[in-house]
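Everything on this sheet refers to the single structure shown next.
The values are calculated or read from the model by the stated rules, or taken from the named source; none is laboratory data. Note that this is a predicted model, so its numbers are computed, not measured. Glycine gets a Cβ as well: all are built from the backbone with ideal geometry, and neighbour counts include every protein chain shown. Only protein heavy atoms, including side chains, enter the accessible area calculation; ligands, DNA and RNA are left aside. Shrake-Rupley method; radii C 1.70, N 1.55, O 1.52, S 1.80 Å.
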Amino acid sequence: MYIAEMLPEHILNALFLAEIEEDRRQDILTYRNKRHLLRDVSDPFAMCESQFIELFRLNKGMVQYLIEELRPHMSVPAHGRSVAPELKILAVLHFYATGSYQRSIGQNFLFPIAQSTMSGYVAMVTYLICRHLGQRWIVFPTDRRVIEEKKRTFLQSFGFPGTIGAIDGTHIALITPAEEEHNYLNRKGFHSKNVQIICDADLNILNVNPRHAGATHDSYIWRNSAILEHLRNNYEHGDTDTWLIGDSGYPQQPWLMTPIVNAQPNTPDSRYTDALVKARCCVERCIETLKSRFRCILKERMLRYSPLSVGRIIVACSVLHNICNGGRLDVLNDIHPEGVQENNVQENMQEEDLASGQQARQRLINLHF
């Protein structure tokens, strides 16, 4: 008679469960060893450039630059199985580019990283991009030479003078926040952040403001913008021929030109409005390009992070967008852009700004249209 047959049933069951648990642990250990081996031999830089750009949206040179800038600020654990900083950065870039969540990235053969750790990498790399590259790559023009160059480009490209940038807002979807949920529910019926973007004629982002919840109107964000105060101060110190351009959802101010609604055809007002609308399209194309490059900020993807983290991801993607533009990297035409945000409501502004804005616009029309 076998010894096992002599044991009580409850002991036999316990031994059986213990054996199953041991097998499970061995399977997990084997999987982890294979994953570490895959990570060690994986070399994304060995793939062709076009496939590399499709996965990460940046070319190899741009990613090497990013690694060199961020690696000194990334701690490397002492144990030998830690994920290299390069692989952390590449995994996060892939998340930005595809909008895939942690599990899909963690199971990708290029990035055998557990889902439980991927969220931390997204937070860390995003923070480092914002902290160390944000002010270097997103710069609103203050130097007179740069300002005049921006104006010249708008004039040559669109026939609209005095312009250094175009402004618009765009909604970036996120999961229902735990706090102040009603403030994030926008008029289109989903939770979002309303992000103010200013770009130049070459689609470079000059300023990005991701602080405000989706229920906030564009004109309120503008009214509380540091850029408004900067332009107002310049205007009061004599710079009366420099402005941004926006749609009719923004107030007409001396430093912000807007269309004339229902301008009569074949009049100076209509010529002014036509030129402005044509020039302002650059910010719509900038937003479309940003979302085309980095699918994580598309509405369909919906960022599953806190509002603070979503704001940082938006800034990080804006930095990378400008890096791509600096290298004249083409946009992959693999998605349909989202619809343009409509604005048709203005909030009350200071009456003196509105009055002087009307006068400034009329002077511009008289001189150029």
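Tabulated results
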quantity: Index of the failed condition, P265 passing every other in (1) part of a loop (DSSP other than H, G, I, E, B); (2) over 21 Å from the mean Cα position of the chain (by Cα); (3) in contact (Cβ under 8 Å) with a residue 40 or more places away in the chain; calculated: (3)
quantity: Odd one out for M74 among (1) open to solvent by 60 Å² or more (accessible area, probe 1.4 Å); (2) modelled with pLDDT of 80 or more; (3) over 18 Å from C317 (Cα atoms); calculated: (1)
quantity: Of residues in segment 140-169 being among the polar types (S, T, N, Q) and more than 14 Å from R280 (Cβ to Cβ), the one least open to solvent (accessible area, probe 1.4 Å); calculated: T153
quantity: Segment 234-248, subset touching a residue at least 60 places away in the same chain (Cβ under 8 Å) and out of contact with any strand residue (DSSP E or B) (no Cβ under 8 Å at 6 or more places or on another chain), residue farthest from A360 (Cα to Cα); calculated: S248
quantity: G120, sole failed condition from (1) within 30 Å of N366 (Cα to Cα); (2) surrounded by fewer than 16 Cβ atoms within 10 Å (Cβ to Cβ); calculated: (1)
quantity: Every pair of residues 6+ apart whose Cβ atoms lie under 6 Å, when the first sits in segment 190-205 and is in a loop (DSSP other than H, G, I, E, B) and of a type in the set (G, A, S) while the second is open to solvent by 10 Å² or more (accessible area, probe 1.4 Å) and modelled with pLDDT of 95 or more; calculated: A201/T153; A201/S157
quantity: One residue from Y65, Y31 being surrounded by 11 or more Cβ atoms within 10 Å (Cβ to Cβ), farther than 23 Å from Y305 by Cα, at pLDDT below 55 and of a type outside the set (S, T, N, Q); calculated: Y31
quantity: Those residues of segment 278-295 which are open to solvent by 20 Å² or more (accessible area, probe 1.4 Å), in contact with a helix residue (DSSP H, G or I) (Cβ under 7 Å, 6 or more places away or on another chain) and either outside the structural domain of I167 (by the TED database) or under 22 Å from G159 (Cα atoms) (or both), in sequence order; calculated: K278
quantity: Selected residue [modelled with pLDDT under 95 and hydrophobic (A, V, I, L, M, F, W, C)] from L303, L290; calculated: L303
quantity: Only listed residue being outside the structural domain of G120 (by the TED database), among the β-branched types (V, I, T) and part of a helix (DSSP H, G or I), chosen from T240, T273; calculated: T273
quantity: Any hit, segment 159-173, residues being free of Cβ contacts under 8 Å to residues at least 24 places away in the same chain and over 30 Å from A46 (Cβ atoms); calculated: no
quantity: Conditions (1) part of a helix (DSSP H, G or I); (2) touching a His at 6+ places or on another chain (Cβ under 8 Å): number failed by I287; calculated: (2)
quantity: T170 vs. criteria among the polar types (S, T, N, Q), assigned by the TED database to the domain that holds A226 and modelled with pLDDT of 95 or more; calculated: yes
quantity: Residue in segment 143-154 that is free of Cβ contacts under 8 Å to residues at least 40 places away in the same chain and of a type in the set (S, T, Y) present; calculated: no
quantity: Flag if S104 is of a type outside the set (K, R), in a helix (DSSP H, G or I), modelled with pLDDT under 85 and closer than 23 Å to K291 by Cα; calculated: yes
quantity: Residue satisfying all of: in segment 296-315; assigned to a helix (DSSP H, G or I) and of a type outside the set (A, V, I, L, M); surrounded by the most Cβ atoms within 10 Å (Cβ to Cβ) among these; calculated: C296
quantity: Residue within segment 224-233 that is under 20 Å from I314 (Cα atoms), buried (at least 16 other Cβ atoms within 10 Å of the Cβ) and out of contact with any strand residue (DSSP E or B) (no Cβ under 8 Å at 6 or more places or on another chain) present; calculated: no
